[in-house]
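K.L.:
Input: one structure, supplied below.
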Amino acid sequence: MKIAPVSFSTRNIYSNKTNSTNAISFSQLKKNPKFDSTALQQKQKDFIQNGGVINFDTATIDGKPFSGQLTRTYKDEQVGGFYSDGEKYLIEFENKNPKLNRPEGLLLENKFIMPNTRSGKKIIWTSDNNRFIYIETYSSNGKLSSTELTEFSDVYESGKRKEEGSQIVNLEEDGTTPERVQTNILNPGTRAAMGYKTKITNFKNGEPVSEFEYETKTQNKSADIKTTIFASNCRPTRTEETNVQYYDGRNQDTPVSSTKECLTEYNADGSIKKITDLDYKVLNQELGFNPIRKHIYTTLNHTTREIDPKTGTVSYINIATGKPYAIEKYKKDSNIPYEITNVEKQTTAQIEQVDKDNVIVRISNSKNILLRKLTFENTDNKWTNAK
C-alpha cells in the first residue's frame, strides 16, 4: 500500500507514558502490550497477496492469528501496524521528508473502539498525551475505507488545544490502495517549511495521477493553486500554477513580478523541460534585478516568458508578434544573468558579478563595440547605479 499519514511536527515525537493534562479524552481506552521493535516486518500489500487476511483491526495468515508488523508506504512516509496474536495493538508513523530536516517518529498506543454500526466500525488511536488522534474508518466488510490523523498543540494554560494540521486518506474498496490523500497544515512554521497550506493527491491503482496544492509559497515564488499531472510511471508530465507571484529571494513580502498562469513541462526522466509564464508582468521596477534591466531593454506590459533550464536561457516574448524582445542567460544556481540581449536594438550586455552586492555591466552593439560601462551596487535590496 502506498500511503502513510504524515507527522506534522518538525521534531521527533515518540509518545511516552506521562501524566500530562489532556484536553481531549476518551472512555474505554484499551492499553496495549509493550512495543516489539523486533517484530517481523512486511508490506501489507505483499501480506494480502500471499494469502493474508485483514478484517477490521485483526490479521490472519493461513487461518492462524498473525504476529508482526504490516507497513504501508507513500513517498517519504510509512505507517506500520503492529499485531500480536492477530490483533493490532500499536501504530507507528515515520516521515523522512527532507523538508522537515530530520526523520520523524510517532507511536499511537491508546485504542478506543467505537460501537459497531451497520455501516462498519471506527477505531480511534491516540498518543498518551492526546496530541495526536488517528481515526480508522472501516466498511461493513471489514476493509479500511478512510483514515484521519490530526495533530494538536500543547495544552494552553486555559486547558485548551489548537489544531496544528490533519491528513485524510481515502482508500479503494480493497482497503489497501490509496485513492485520495488530503493534507492540511495549520501551523505557520510547518507550513513555511513545507511550502503549502493544503495538498490533495489523487491516485489510480495506487499511482498518483494528479496533485493539487493550495496557497503554495517558497522563498522565490507563491501561487494560489498548483496542479501536477503524472504519467503512468508516476513521473510528472505537466504542472500548472495560477496567480503566481515572484520574489527576489530576499524579500518575501513584496513581489517583484507576477503571472496569471505558469506552465511547467517535463522530460521523460522527470526533469524540467520548459517553464512558460503566461501574461507575465513586472510589478516593481525598483526591486530585484529590474533596475539593471531598465538600462538594457524595456519590459512590455503583455509578455510571455519562457525558461529553458537546460541552457539557462530566459526569453521575453511580445504577445502581439510572438517574437522575443529580450533574452537573458544564466549560469547554474545563479539568479543573476551573465548576459542580456536586446533583440530589437541588437545590443548585448555582459554582466560581471564582482561579489553578491556589486556587478559591472558592459553594453556592446552587434559589432562588439563597447557602448556603455555601468556599475551597480545592492543597498537595502535595491540595485542602484554607482556612477
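K.L.:
Under the rule of -39500 (n - 2.57) per DSSP H run of 4 or more residues, summed and divided by the residues of the chain, what mean residue ellipticity at 222 nm is obtained, to the nearest 500 deg cm²/dmol?
P.N.:
Per the formula, -1000 deg cm²/dmol.
K.L.:
A further question on this structure: Cα centroids of the stretch 276-331 and the stretch 203-246: how far apart, whole angstrom?
P.N.:
24
K.L.:
Placing +1 on the Cβ of each Lys and Arg and -1 on the Cβ of each Asp and Glu in the chain, which of 379, 278, 90 has its Cα farthest towards the positive end of the resulting dipole?
P.N.:
379
K.L.:
Would you mind working out the magnitude of the charge dipole of the chain relative to its Cα centre, with +1 at each Lys and Arg C-beta and -1 at each Asp and Glu C-beta, to the nearest 20 Debye?
P.N.:
700
K.L.:
I need the semi-axes of the equivalent ellipsoid of the chain: take the C-alpha gyration tensor, multiply each eigenvalue by 5, square-root it, list largest first in whole angstrom.
P.N.:
54, 23, 17
K.L.:
How big is the Rg/Rh ratio for the stretch 288-387, C-alpha atoms only, Rh by Kirkwood, two decimals?
P.N.:
0.96
K.L.:
Under a straight-distance cross-link criterion of Cα-Cα below 15 Å, which aspartates and glutamates are reachable from residue 64, leaving out those fewer than 8 residues away in the same chain?
P.N.:
Those aspartates and glutamates meeting the cut-off are 85, 87.
K.L.:
Please report the antiparallel percentage of the DSSP beta bridges confined to the chain, to the nearest 5.
P.N.:
So the antiparallel bridges in the chain amount to around 95 percent.
K.L.:
Restricting things to alpha carbons, find the Rg to Rh ratio for the stretch 130-258 using the Kirkwood radius for Rh.
P.N.:
That ratio equals 1.06.
K.L.:
Arrange the peptides 317-330, 137-150 so that the one whose residues have, on average, the most other Cβ atoms within 10 Å appears first.
P.N.:
Ranking, from highest mean packing down: 137-150, 317-330.
K.L.:
Let me ask another. How big is the C-alpha Rg of the stretch 73-192 next to the rule-of-thumb value 2.2 N^0.38 Å, as a ratio?
P.N.:
In units of the globular-protein estimate, the stretch 73-192 measures up at 1.12.
K.L.:
With 20 Å as the limit, write out which pairs from 356/382; 111/162; 274/329; 345/367 have Cα-Cα distances beyond it, or answer none.
P.N.:
Distance filter (> 20 Å) returns 111/162.
Throughout, read-outs are computed from the coordinates displayed, never taken from laboratory work. Given the structure is predicted, the values throughout are model-derived calculations rather than measurements. Quick reminder, even Gly has a Cβ in these numbers, built from the backbone with ideal geometry, and neighbours come from all protein chains shown.
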